[in-house]
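The values are calculated or read from the model by the stated rules, or taken from the named source; none is laboratory data. This one's a predicted model, so the numbers in the text were calculated from it and none came from an experiment. Glycine gets a Cβ as well: all are built from the backbone with ideal geometry, and neighbour counts include every protein chain shown.
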């Protein structure tokens, strides 16, 4: 078997996996009443996987990946079929796959069906013009993407630009949303709005002028919220009990031994489901990073991000979103707020300062020489700094990198290193 045949078998297998996930997603949306409203309520939608239809030209059945058959209320005859073709290629989906799907669709349904290609990667450059000529829709489905709660109107989290990047470009630094769609020159952020449009109903196409957004919260305010929360739990010092905090918030904390690798081969560290109030933590291999992931998800719940999100997942890159990156990206603003809360929760300011002063006293250092914590390239100063950071890390069970970031945000670190690599650069897994 040659490499081309191997690739084709691999693509078919991955396509089947995408098909299963997308089919289950549609069933969930149907259960939530999120499919179609008005003339076509959700209970009038029948969802099938591997549905076969007879083709007169071939004299045989033709099978489609996923089909939604839609009926008007009280009617027995099919009003319209939405046919989904799932393509999960390691590289962008080639144009001939779209052409084949379009031709097959026309042979079976003639005019009472709409075709939609579902991808997990992206499309080749000419595919956009091709789907427009053929009248085919596009869906980018990312099971690990974030899912907004306000599905029928733009809430600032999803923009046409983000959806365009999801489907037609590579998203290297931006988390994709779970469902992105393009049809007839319009962008849609939910399956319900796409189906409404395909069925000729009024749909909420994403409005670029919508001014709704996630409110800005200053770091100091997040710090105060975390401190007050810990005080309400009678926290006195040491490692913060995250399981207790989840229990206090009525959030189920679930650890699983199964890894979750997303489409771009990034490891998924955790998930939050705001409807079922669950946090799922995947294997980390690093206790400190696992604690920060849990605290990050707690931050989402405590700060009320369930107002905007139905679910979200955490990649390692999400744990390093800072305040400089979130001016116009409201989803990343939520990520920054969750990171800030996690940092403040795991390293509360007053106990942190107390612990640092105790470490400095052991070293025989002046309490406030050069600020609370000082480091430069001199071995003696760097060794003292490393001792302090190690003491804090052991006391709070937090990574050295997280401590360094927290100290900088509190303006408690004077860092005059010039040639030494930043501690965070080589202690990523500490």
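Yes/no per residue for (1) surrounded by 15 or more Cβ atoms within 10 Å (Cβ to Cβ); (2) outside the structural domain of residue 281 (by TED's automatic domain parsing); (3) within 20 Å of residue 220 (Cα to Cα):
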{"site": "301", "(1), (2), (3)": "yes, no, yes"}
{"site": "313", "(1), (2), (3)": "yes, no, no"}
{"site": "329", "(1), (2), (3)": "yes, no, no"}
{"site": "335", "(1), (2), (3)": "yes, no, yes"}
{"site": "359", "(1), (2), (3)": "yes, yes, no"}
{"site": "383", "(1), (2), (3)": "no, yes, no"}
{"site": "409", "(1), (2), (3)": "yes, yes, yes"}
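Residue by residue, here is whether (1) assigned to a loop (DSSP other than H, G, I, E, B); (2) at pLDDT 95 or above; (3) more than 17 Å from residue 402 (Cβ to Cβ) holds:
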position	(1), (2), (3)
221	no, yes, yes
265	yes, no, yes
283	yes, no, yes
296	no, yes, no
Search result, residues across region 170-198 that are closer than 25 Å to residue 129 by Cβ, at pLDDT below 85 and part of a loop (DSSP other than H, G, I, E, B): 170, 171, 172, 174, 176, 189
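Test residue 319 against the stated conditions and say whether it is under 15 Å from the mean Cα position of the chain (by Cα) and free of Cβ contacts under 8 Å to residues at least 60 places away in the same chain. Give the derivation first.
Values: under 15 Å from the mean Cα position of the chain (by Cα): yes; free of Cβ contacts under 8 Å to residues at least 60 places away in the same chain: yes.
It is true that residue 319 is under 15 Å from the mean Cα position of the chain (by Cα) and free of Cβ contacts under 8 Å to residues at least 60 places away in the same chain.
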Lone unmet requirement of (1) within 21 Å of residue 284 (Cα to Cα); (2) at pLDDT 95 or above for residue 426: (2)
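Regarding residue 239, is this residue in contact with a strand residue (DSSP E or B) (Cβ under 8 Å, 6 or more places away or on another chain) and closer than 19 Å to residue 398 by Cβ? Spell out how you get there, then give the answer.
On the way: in contact with a strand residue (DSSP E or B) (Cβ under 8 Å, 6 or more places away or on another chain): no; closer than 19 Å to residue 398 by Cβ: yes.
For residue 239, the condition - in contact with a strand residue (DSSP E or B) (Cβ under 8 Å, 6 or more places away or on another chain) and closer than 19 Å to residue 398 by Cβ - is not met.
Among the residues of region 146-160, is any assigned to a helix (DSSP H, G or I) and at pLDDT 85 or above? Before the answer, list the steps.
First, pick out the residues of region 146-160 that are assigned to a helix (DSSP H, G or I): 160.
Those still in the list that are at pLDDT 85 or above too: none.
No, the conditions are met nowhere in region 146-160.
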Qualifying residue in region 199-217 (condition: in contact with a strand residue (DSSP E or B) (Cβ under 8 Å, 6 or more places away or on another chain) and at pLDDT 70 or above): yes
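Name the one entry in 51, 73, 46 that is surrounded by fewer than 15 Cβ atoms within 10 Å (Cβ to Cβ) and in a strand (DSSP E or B).
Numbers: 51 fails: surrounded by fewer than 15 Cβ atoms within 10 Å (Cβ to Cβ); 73 fails: in a strand (DSSP E or B).
Result of the check over 51, 73, 46: 46.
Applying the selection to region 301-360, what residues are touching a strand residue (DSSP E or B) at 6+ places or on another chain (Cβ under 9 Å) and assigned to a helix (DSSP H, G or I)?
Initial filter on region 301-360 (touching a strand residue (DSSP E or B) at 6+ places or on another chain (Cβ under 9 Å)): 301, 305-306, 308-316, 318-319, 331, 334-335, 338, 356, 360.
301, 305, 306, 316, 318, 319, 331, 334, 335, 338, 356, 360, listed by residue number.
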Whichever residue in region 212-244 is in contact (Cβ under 8 Å) with a residue 24 or more places away in the chain and under 23 Å from the mean Cα position of the chain (by Cα) and, among such residues, is nearest to residue 297 (Cα to Cα): 242
Qualifying position, being more than 17 Å from residue 81 (Cα to Cα), modelled with pLDDT under 85 and surrounded by 14 or more Cβ atoms within 10 Å (Cβ to Cβ), among 6, 11: 11
Evaluation of residue 63 against (1) free of Cβ contacts under 8 Å to residues at least 40 places away in the same chain; (2) in contact with a helix residue (DSSP H, G or I) (Cβ under 9 Å, 6 or more places away or on another chain); (3) closer than 17 Å to residue 115 by Cβ (one fails), failing number: (2)
Residue under evaluation residue 290, criteria (1) touching a helix residue (DSSP H, G or I) at 6+ places or on another chain (Cβ under 9 Å); (2) modelled with pLDDT of 90 or more; (3) over 26 Å from residue 32 (Cβ atoms), criterion not met: (1)
